[in-house]
Each structure stands twice: as structure tokens, then as C-alpha cells.
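Chemist: Please read through the structure below; I'll follow up with questions.
The values are calculated or read from the model by the stated rules, or taken from the named source; none is laboratory data. Everything numeric in this text was worked out from a predicted model, so none of it was measured. Using ideal geometry, Cβ is built from the backbone for each residue, glycine included, and neighbour counts are taken over all protein chains shown. Ligands, DNA and RNA are excluded from the accessible area calculation, which covers all protein heavy atoms including side chains. Shrake-Rupley method; radii C 1.70, N 1.55, O 1.52, S 1.80 Å.
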Amino acid sequence: MSGSIMMIALIVIVVIVVAFLAMSRGKADDKGRERGKRGDEEGSGVAEKKREPVREDPKVIEARKELYQYLNQMIRRMFQQYRKGNWSKLTKVGVPSDKVQKHLHKIEESLPTPAVRLLDDLFSCINLKEDGQNVPGTVTDKAKLKQVFLDMALPFYPVYYERLDGVRYTSLLNQTTLNLFHRLTGKKFRVGYKNRYSTGITAYRWEGDKYQVYTSEGEMLCDAVFRDGKVWEGYAVLPVNDGEKNWEVMQEGMYKDGEFVDGTLHYIYTKDIAPDKDRVPNVPDSQNQQT
């Protein structure tokens, strides 16, 4: 009798446990479905928010494009004056439109810090408004403008600019300037694009901060790191002004910390020789001098 009672009690306990577990599972499923539904609703809200187009003032967009056109023309002119050695004659560069000046602050808000600094430095060299002494567009600080220009170019440009004649100027701009152009236009600009001479020879190659620059005939001029407008470390061929009349002196070798440390001096006679004279001129004692 007692065994039957214990059996019945055990069955009742099992039934109660099963029922409890079923109820718990049902509540958990309900909570899960509720969370899932809430998550779907939130996710849908996020998706809808992401799909929401960012509305920008059309006038600001137009001003950005006008600023790019202004900079493009101005930089082209600065390249021309620098190559010709006529920087002192660069007295006027024009001014950006009233629309650009009005929205310049808004434009700069969307630019990376180096690009903003570049624009601020550039416009600090130019008189943008009539001030009674200078007309708008007058260059007020030629030395600073020259440095700003060089800050836009690749680091080897001030060293080899005379040898790079014929290379399109846009391929000689550095990443900071190209990033600025990209933000203003939405177009892609990359360093080294079409950096070729008319002969088809590539003007330069690079790996990290080391540049290899070539002549239009394909002769390597350097394989070096540049800093502060000069060869800083590596191999380079550079002209030297040592006062030798009628001779072009080329210094070829290795540089370290901006100083020539090892190499050779090459002397090239540049004065025309009369047709009736075919003697070889005297070579300075220091020709092909080892250092």
C-alpha cells in the first residue's frame, strides 16, 4: 500500500516539474520574440536612418567646385613662375569668388586638418579685400607663398625642378594637396598619375619616403630621401657651383643628414670650342676628385 502511495506521489512530482518547465520555456520564448521584434523595429529604424540622404547646401557644393578651379589655376601659374625662375615677378594671383569666400569656413569644416592649414597659409599671403594700398589678389608675402607652394609639391621638386620640364604639374603634387582636391570635387586623385616625359620615360618612382627621379632619357638622378628642400639621405647626382669658369661640376654619390659624404666630382666643359681648334681644354686638378 505504502509503495503505491509513493509511486503516485512520484508521478505527481514529475508532472508538476514538467509543467513548470513548460511554463518557463513558454515565457522565455515570449520574451525572446518580444526582444526580437523590438530589435527588428530598432534595426529597421537604423536602416531607415542610414538611408536618409545627407542634405548639403547646394551653394556650398558649388563654392567647393569653384575653390578647386581657383586653386588649380593658381597652382599651375606658380609652377610656371618657379620653373622659369621668375618668382619675384609673381605679384598678383587673383582672388577666389565671393561665393567661395562666403562659404570658406563651411568648406573647411569638411576638410582634413593638413588641408585646412594649407588653405589658411595660402590665403594669408594674399590680399583678398581692397585695403587702400593693395588691390584684391596682390601677393603680400612672396617668401611665405613660395614655401606654401613647395609644401604642395613632392619633396624632390625644389631640388630637380629644372630637370622635370615637360612633366605635367598635377603629377608633381603631394598627397595633402591631392586629398584637398578630392574633398573639393569628389573625384579621385593619386600621386604619380601620368608622371611621364613626352619621351614616355617615367619621371619618378617611390617606395615609402624614398624617391627615384629620372631624366627624360631615363638616367637616374637620385634614389634618396628628401627633407627641407634638399637631399637628406641616399644616392644623388647634383650640380655644384664651385667657381670653375666654363665648367659644369656634378657631384655624384651618397648623402647623409643632408651632407655629401662619399662620391665623385665630374667636370663637364661647357664653353664652345672654335672649329679650327680640336684640342682638349685643360681639366681642373680637381676633376673626378674623390671625396
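Chemist: I'm told Gly258 meets every condition in (1) at positive phi; (2) modelled with pLDDT under 85 except one. Can you identify the failing condition by its number?
Modeler: (2)
Chemist: So, Trp232, is that one of a type in the set (Phe, Trp, Tyr), under 26 Å from the mean Cα position of the chain (by Cα) and open to solvent by less than 60 Å² (accessible area, probe 1.4 Å) or not?
Modeler: On the way: of a type in the set (Phe, Trp, Tyr): yes; under 26 Å from the mean Cα position of the chain (by Cα): yes; open to solvent by less than 60 Å² (accessible area, probe 1.4 Å): yes.
In short, yes.
Chemist: Considering (1) among the acidic types (Asp, Glu); (2) free of Cβ contacts under 8 Å to residues at least 24 places away in the same chain; (3) in a helix (DSSP H, G or I), say which one Glu66 fails and leave the rest.
Modeler: (2)
Chemist: Out of everything in segment 117-172 that is in a loop (DSSP other than H, G, I, E, B) and small (Gly, Ala, Ser), what residue ends up being nearest to Arg76 (Cα to Cα)?
Modeler: If we filter segment 117-172 for residues that are in a loop (DSSP other than H, G, I, E, B), which is where we start, we get 124-125, 127-137, 140-141, 154-156, 164-168.
Filter once more, so that each one left must be small (Gly, Ala, Ser): 124, 132, 137, 166.
Numbers: Ser124: 19, Gly132: 29, Gly137: 16, Gly166: 13 Å.
Of everything passing the filter in segment 117-172, Gly166 is nearest to Arg76 (Cα to Cα).
Chemist: Quick test of your reading of the structure: Ala203 fulfils all but one of (1) without any contact (Cβ under 8 Å) to a residue 40 or more places away in the chain; (2) small (Gly, Ala, Ser); (3) more than 30 Å from Pro239 (Cα to Cα); (4) open to solvent by less than 20 Å² (accessible area, probe 1.4 Å). Name the failing condition by number.
Modeler: (3)
Chemist: Restricting attention to segment 160-194, and to residues there that are over 11 Å from the mean Cα position of the chain (by Cα) and charged (D, E, K, R), which single residue is farthest from Val95 (Cα to Cα)?
Modeler: Residue satisfying both the conditions and the ranking: Arg163.
Chemist: Taking segment 140-159, which residues are open to solvent by 10 Å² or more (accessible area, probe 1.4 Å), of a type in the set (Val, Ile, Thr) and either modelled with pLDDT of 95 or more or within 19 Å of the chain's Cα centre (by Cα) (or both)? Spell out the reasoning first.
Modeler: The initial filter retains those residues of segment 140-159 that are open to solvent by 10 Å² or more (accessible area, probe 1.4 Å), namely 140-144, 146-147, 150-151, 155, 158-159.
The next check asks that each one be of a type in the set (Val, Ile, Thr); those that pass are 140, 159.
Answer for segment 140-159, where residues must be open to solvent by 10 Å² or more (accessible area, probe 1.4 Å), of a type in the set (Val, Ile, Thr) and either modelled with pLDDT of 95 or more or within 19 Å of the chain's Cα centre (by Cα) (or both): just Val159.
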